[in-house]
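Computed from the coordinates by the stated procedures, all read-outs in this text should not be read as laboratory data. Computed from a predicted model, the values in this text were never measured in an experiment. Please note: Cβ atoms are built from the backbone with ideal geometry, for glycine as well, and neighbour counts cover all protein chains shown.
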Amino acid sequence: MNANTSTVQRSGSRLPNPQQLVPELSEIGAALFKATGNGTIPRTTIGLFQLRAGQIVASTYLAILHAGNLRTAGESEERIAAVATWRDAPYFTEPERAALALPHRSRDHHVRLTHHLTQLI
């Protein structure tokens, strides 16, 4: 068994944990947790956001990690599965919908910025 096969079996992804590739992500994650860990934003809402962000960046590792965290927190399979199609799913509150929209906004901003920069070259 090679290293790639063993990674796939452990995480369900052929790519490693992104923190192994970019160690600074752990510092960013810690800062975000500190800012949101005071309870003003429900952990479930944060978990839904994290799952959607993992889906958008096409990271199986993150999608499995955050779906598992939501399951452990008691979220239903219907809500976890519906994150991928949250816009027309009836399972989410308005604050949760706002959180689920955030990863899309940052991705769209990145795409616009990248397009603008390529036009300058």
Handout entry: GluC sites (Glu not before Pro) restricted to region 54-92 and DSSP loop, no more than 11 other C-beta within 10 Å
Key = none
Problem - Approximate spin-label separation Asp88-Leu32, in nm, with each point projected 7 Å along Cα-to-Cβ - result: 2.8 nm
